[in-house]
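Read the figures in this text as sums done on the coordinates, not as results from a lab. Small disclaimer: the values here were computed from a predicted structure and weren't measured. Cβ placement follows ideal geometry from the backbone for every residue including glycine, while neighbour counts extend to all protein chains displayed.
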């Protein structure tokens, strides 16, 4: 018999439809080697099964049998990995769950960031926004641009919007914040919107008068705390080397007037931080915070100019993260509630059917559809990181200007469509076939900054490397110790 010649042409449908003779049909799912002994399979809505290595191959080859592999067969069937019919009778259930996962898209843009001033009295060596120290007229947002930004915010289809004031140090332009809040309060009644207000501040210049206004208008305070004094003062320098002391004083004053739940803090991981994961966690716990967000340094602004203090390999951050995470888990196992925010976001995606609002772990990413940024001089950017990239003279993610572009130009223009295409991990090479796709997201700004390409290249992506290992590790911890799974479940309730 003559041997069939090899060809690159597409084969006929009959070649791929041979499974009709088998007991089950495959539904879309992906797999990943979890440990040397275990592998994980994940379907389109994030349901997963942990299996012995080699099981995935047997599933695909249809070597799992209803009679002899009853328990596994039932798990595969009930969790939408296989179907006994070509079209699953529960396909509508699966579709509903998929829509729920993507429901963060329903209301469109919620977070509107107003950069009210670029001025700052700190000189943090990892600053992402290339702050300035003088010239109030040039580097503060004008009333005209505040008005135009508010007008665009009121056009958002979302009935609940967040107005976040950033800097520089936003409180150096507090009079502009007051103006923006008062105008927004009036317009919110007209447009029937609920508005949440947030001020991002290092707390160095906060006063009782400012906090009383915040209390009267239900404004949240978001501050920065990198850990104990020797870390915070080294990372966040200012005249007098008292950044930590002022931050602690500001946190205490803010809590006394606003209440504990109205004051939050974020840390940034520098090379110095990498050496002290437990001390940083302990500091947050000692101060009465109920959670900590372990964040790597962002590759923007001054952060990329001081490589000695700010540049480190992703493996070092992952090691730091794991040590800190275990220390946090230990607090919980001793009966104290204390969570890690990044893990909580990922765990919500793994363990619940609900979406998350975190920009970097959404697909499409939250650029534009979740967040928009109005810069101090009127430029409009897709994300906070986008305007940081612009400080490095890369305006790829600039959507327009408040003086010259309409709502439609900014939110639905060609630039917005270009960004959206690279923000969807379902169609990105390396992401489309990844088992952790439904737990992860896409970050085109990070891709362009670190790899020079908006779509990025997964094998060398630090974003991918970090997320894949953290996701894998969280699942491994849950599967290896039921007590840890219980702790994790408490974080997402």
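Here are some notes:
- Using alpha-carbon coordinates, inclination of helix 143-154 to the longest axis of the chain, degrees: 30
- From its DSSP helices (H runs of at least four residues, each -39,500 (n - 2.57)), the chain gives a residue-normalised ellipticity at 222 nm of -12000 deg cm²/dmol.
- Convex hull volume of the stretch 149-272 per residue (C-alpha atoms, cubic angstrom): 118
- Working from Cα pairs under 8 Å separated by at least six residues, relative contact order for the chain is 15 percent.
- With Cα atoms, 0 to 90° folded angle of helix 314-333 axis to the chain main axis: 90
- Across the stretch 19-101, Cα-Cα pairs farther apart than 17 Å form 46% of the total.
- Cα centroid of the stretch 265-286 to Cα centroid of the stretch 428-470, whole Å: 26
- Which label in (i) 31.5, 107; (ii) 24.9, 93; (iii) 26.6, 107 gives the computed Rg and Dmax of the Cα atoms in Å: (ii)
- Taking label positions 7 Å along the Cα-Cβ direction at both residue 93 and residue 481, the computed distance is 3.4 nm, reported to one decimal.
- Panel note: the C-alpha atoms of the stretch 161-209, placed on their principal axes, show extents of 36, 17, 17 Å (largest first).
- Computed across the stretch 397-458, the Kirkwood radius stands at 12.7 Å (inverse of mean 1/r, all Cα pairs).
- For the stretch 364-434, the relative contact order works out to 28 percent when only alpha carbon pairs closer than 8 Å and six or more residues apart are counted.
- DSSP-defined beta bridges in the chain - what % are antiparallel, rounded to 5: 40
- Degrees between helix 91-101 axis and first principal axis of the chain (Cα, 0 to 90, nearest 10): 20
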